[in-house]
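**Student:** Pasting in a structure now, in structure tokens, and then I'll have a few things to ask.
None of the figures in this text is laboratory data; all of them are computed from the coordinates on show. Computed from a prediction, not measured in an experiment: that's the story for all the values here. Backbone-built Cβ (ideal geometry, glycine too); neighbour counts: all protein chains shown.
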Amino acid sequence: MSSSPEVRSKATRQSFSAEERARILSEYANAATPVERAAVLRREGVYTSHIANWRKAGAHGEAPGKRRGRRPDPDAAELLRLRTENERLQSRLEKAEQTIDVLGKVHALLQKAAGESASDEQSSRKP
């Protein structure tokens with residue numbers, strides 16, 4: 001038990017840069033006895049599982065600082081591009097439909113005006 005009455009802050013996960021990992025691996029490999037290797041582990045605050053994982057990652061040719069987790073979906077970028085293009089085209093389609101509707105109304109209005117003017121001309125010629 002801790003004799004300090006203070007509450008400790010939440011622990012954070014320790015991370016090591018590629019240079020730190022390489023340095024710790026070389027120190028661990030250069031240690032002559034198991035006692036010296038254990039001293040390196042205690043001093044650096046790592047476990048043998050860290051050493052094993054770092055060695056395995058190096059043997060597989062992975063980058064030492066590579067992040068773990070899900071790999072990005074290669075189709076996600078294409079899907080996003082297609083969605084934005086679809087939205088843009090939907091907007092253009094709505095504008096085109098409104099323009100066609102207005103042009104239809106203008107055409108009908110012009111025909112009506114032309115019909116009235118034609119009937120006016122015929123009525124003015126008959127006297």
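**Student:** Can you give me the number of residues within segment 1-56 that are exposed (fewer than 12 other Cβ atoms within 10 Å of the Cβ) and more than 30 Å from the chain's Cα centre (by Cα)?
**Tutor:** 23
**Student:** Shifting gears a bit: Residues being surrounded by 10 or more Cβ atoms within 10 Å (Cβ to Cβ) and under 11 Å from the mean Cα position of the chain (by Cα): count how many of those fall in segment 69-91.
**Tutor:** Counting residues in segment 69-91 that are surrounded by 10 or more Cβ atoms within 10 Å (Cβ to Cβ) and under 11 Å from the mean Cα position of the chain (by Cα) gives 2.
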